[in-house]
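S.K.: Mind looking over this structure? Questions follow.
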């Protein structure tokens, strides 16, 4: 079950020093009349891990293909190391790509699968052998080098595909939801390993995913995508804790962020159904007017978390249970809220349930959906 | 509503099977109560899909029998067993409208007119497909197509059982929440026996009343979500349920004490002295370990802290042993060393992988 210790501490001796920066300048891609990505500007530094986080059809794959040079943008430029490569095809760029469906040659052994990009590049036999074994060690595939892909588990097949991408030592390593088809236990393991791996190979890694938990476990920097636009780009935890707008907060919450409309009158937040939240934490000092409050599922409580928290009665829609936690879906005044509670809570659909809103845990969004105030984590503690 | 019994059921894909290790499904006897909601949960290769295919009639077992309400159906086809199935990837007729796709299984059974229309509209409403009913299935997103597949599986109310094989794999995470809830609500309404195969613990534990955890061709535990979490019968269940799974630590057990990572701790119950030839381990979940404020407890080194937003995961070392400890999102942790305390009553003892209850 756990062989991950074997991967630790092995350096990639003789790795090429990567110093190239990848820059997208105002890149737009239209197909016919359909806008796939619009006006995207991003600068990715060498040796960084970058997550593209967004739901299906938000533009992640389009963006990866533009970065790779598989497609050309309709407008804008792609620069590598300051040089414009917008029209340069993928085979003349230093790029490796890993897809959701792990692609290996079924008739080649793991060894030959990993070696294949080097053979194509006419690298000397001894050098190929050295690099294949080094990469296999890093990906914990050494014992499997003589096997064929169909004799491997899904996780081993995907590690083979990853090894083939890494062995090329490309400047740019693009991964399109590479863990989406794996058991969650394997994902857990690979999500822990990948950041170390990316750090060792030193390339610019770009990792596209629809899952907020992927981004949080990988760390690095995250760009949130919504309807073909990058809404925010920054250190992953900073984007998670201070989303600049409602769209970013939505993309970066799973289960979806809970929202409620509120009116600030005399400093206090008035919610539908006569509920009033005190002006504490992010709610302090707000001007009178209409706002919306957003709060994540783990901040909607079944037990009173602090004496400033306010109880409201909602109706249970359904309860979902993970290994150790319960997601209680509720409906109140037309809003659907999800509460994430520790432990197993079996509640009957249709039953009333007391849930607690904590003013310290609220994101405040203005009428233009921009962030006005966010929870202060030190203060909430 | 059909009760399903598996009697000494076993399957090997090799007709000349010699050894037990060749069985994709080792000898298994189980009962699925009529109208129950079950999940078969386990990693790829554990035998769960083999078991499902035996129940649906896609495979004929090497040994044993399958009974539906006491009647032996082992040699009957899927159609004769009257089973509805939903697969991992969408099965839809592209050239038909969404409406006709949903109506197909009903018309195929000779239903016409209002009986079809009522049921199709009911299922469409439940799956949010109503606005697309008149459209051709071709050109719809993978999500929508899989919803049609689900709808086709659910549309017939007279089936003996509904079998789902990882039906939400291609669905976007944001939509998964919605569909999981809808499936659960649906089961409450129709009370058909439902069996749901998945490698995803959340899908399994959310959907099912009873979860059947499989590992290496065998059932290792059948239980409610709470039982699986709080009382894993096997170290594999402890590892597989929960994210991250239970910490499993090699330990020497003697009566009411255990030596773990060079430190002696006391146990809440008496465990005798397991044979030296056995593998003895302690299991404790990351949720049930506290980092003590005053440094008391077992001394550990903090190797790394992963901040995953709503909680932090401390990766610590107790002597040569690695452990995961879950702490709150606002917790401040000491820089390099700390004391940890195991929550009493949450510590389990395993001998050769199996839970030992001990005595008071």
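No value in this document is a laboratory result; all are computed from the given coordinates. These numbers come from a predicted model, not from an experiment. Every residue, glycine among them, receives a Cβ derived from its backbone with ideal geometry; neighbour counts consider all protein chains shown.
S.K.: Nearest 10 degrees, 0 to 90: what angle lies between the long axis of helix B:173-190 and the longest principal axis of chain B (Cα atoms)?
M.R.: Tilt relative to chain B: about 70 degrees.
S.K.: Also: With each label point set 7 Å from Cα along the Cα-Cβ vector, what nm distance links residue B:141 and residue B:122?
M.R.: Computed distance between label sites residue B:141 and residue B:122 equals 2.8 nm.
S.K.: What residues of the stretch A:139-161 lie in the reach of a label at residue A:112, counting those whose backbone N is under 13 Å from a point 7 Å from the Cα along Cα→Cβ?
M.R.: Residues A:146-150 qualify, since their backbone N sits under 13 Å from the label point.
S.K.: Quick one: if the Förster radius is 35 Å, what FRET efficiency do residue A:33 and residue A:315 give, using the C-beta to C-beta distance and rounding to 0.05?
M.R.: E(calc), rounded to 0.05, equals 0.20.
S.K.: Sticking with this one: Please work out the C-alpha center-to-center distance from the stretch A:224-251 to the stretch B:139-172 and express it in whole Å.
M.R.: Going from one Cα centre to the other spans 32 Å.
S.K.: Shifting gears a bit: For the stretch A:299-359, what's the relative contact order in percent, using C-alpha pairs closer than 8 Å and at least 6 residues apart?
M.R.: Across the stretch A:299-359, relative contact order equals 47 percent.
S.K.: Just check the stretch A:59-195 against the gyration tensor rule for me: Cα atoms, a ≥ b ≥ c as the square roots of the eigenvalues, rounded for a/c under 1.5, and otherwise prolate or oblate depending on whether a/b exceeds b/c.
M.R.: oblate
S.K.: Output the 0 to 90 degree angle, nearest 10, between the alpha-carbon long axis of helix A:154-167 and the longest principal axis computed from the alpha carbons of chain A.
M.R.: So the inclination is approximately 60 degrees.
S.K.: Same structure, new question: Rounding to the nearest 10 and keeping the result within 0 to 90°, find how far the Cα-based axis of helix A:125-138 lies from the longest principal axis of chain A.
M.R.: 20
S.K.: Using the scaling law 2.2 N^0.38 Å as the reference, what is the normalised Cα Rg of the stretch A:320-381?
M.R.: Normalised Cα radius of gyration, the stretch A:320-381: 1.38.
S.K.: For chain A, what relative contact order do you get, as a whole percent, if you take Cα pairs closer than 8 Å and at least 6 residues apart?
M.R.: 15
S.K.: For chain A, treating each Cα as an identical point scatterer without solvent, what Debye log10 I(q)/I(0) comes out at q = 0.08 1/Å?
M.R.: -0.51
S.K.: Now for a different question. If you average the C-alpha positions of the stretch B:318-357 and of the stretch A:314-381 separately, how far apart do those two centres end up, in angstrom?
M.R.: Measuring centre to centre over Cα atoms gives 29 Å.
S.K.: Let me ask another. Based solely on its DSSP helices, what 222 nm [θ] is calculated for chain A when runs of n ≥ 4 H residues each add -39,500 (n - 2.57) and the sum is averaged over all residues, nearest 500 deg cm²/dmol?
M.R.: About -7000 deg cm²/dmol.
S.K.: At a Förster distance of 41 Å, what's the computed FRET efficiency of residue A:19 paired with residue B:303, Cβ-Cβ distance as r, to 0.05?
M.R.: 0.85
S.K.: While we're looking at this one, here's another question. Looking at the protein assembly as shown, send over the antiparallel percent of its DSSP beta bridges, to the nearest 5.
M.R.: 75
S.K.: Quick one: compute the contact order of chain B, relative version, from alpha carbon pairs under 8 angstrom and 6+ residues apart, as a percent.
M.R.: Contact order relative to length: 16 percent.
S.K.: Alpha carbon centre of the stretch A:111-130 versus the stretch B:56-71: separation in Å?
M.R.: 50
S.K.: What FRET efficiency would be calculated for the residue pair residue A:84, residue B:354, taking the C-beta separation as r and a Förster radius of 60 Å, to the nearest 0.05?
M.R.: 0.40
S.K.: Something else about it: As a check on your grasp of the helix formula, calculate [θ] at 222 nm for chain B: sum -39500 (n - 2.57) over DSSP H runs of n ≥ 4, divide by the residue count, round to the nearest 500.
M.R.: -7000 deg cm²/dmol
S.K.: Sticking with this one: Testing the spin-label approximation: label points 7 Å from Cα along Cα→Cβ at residue B:278 and residue B:60. State their distance in nm.
M.R.: 4.3
S.K.: Tell me whether the protein assembly as shown comes out rounded, prolate or oblate; compute the Cα gyration tensor, take square roots of the eigenvalues as a ≥ b ≥ c, and use a/c under 1.5 as the rounded threshold.
M.R.: Because its axes are fairly even, with a/c under 1.5, the protein assembly as shown counts as rounded.
S.K.: Could I have the simple spin-label model distance between residue A:153 and residue A:331, label points 7 Å from Cα toward Cβ, reported in nm to one decimal?
M.R.: The answer from the label model is 4.2 nm.
S.K.: Where a ≥ b ≥ c are the square roots of the eigenvalues of the C-alpha gyration tensor, would you call the stretch B:191-335 rounded, which needs a/c under 1.5, or, failing that, prolate if a/b is larger than b/c, or oblate?
M.R.: Since a/c reaches 1.5 but b/c is at least a/b, the shape of the stretch B:191-335 is classed as oblate.
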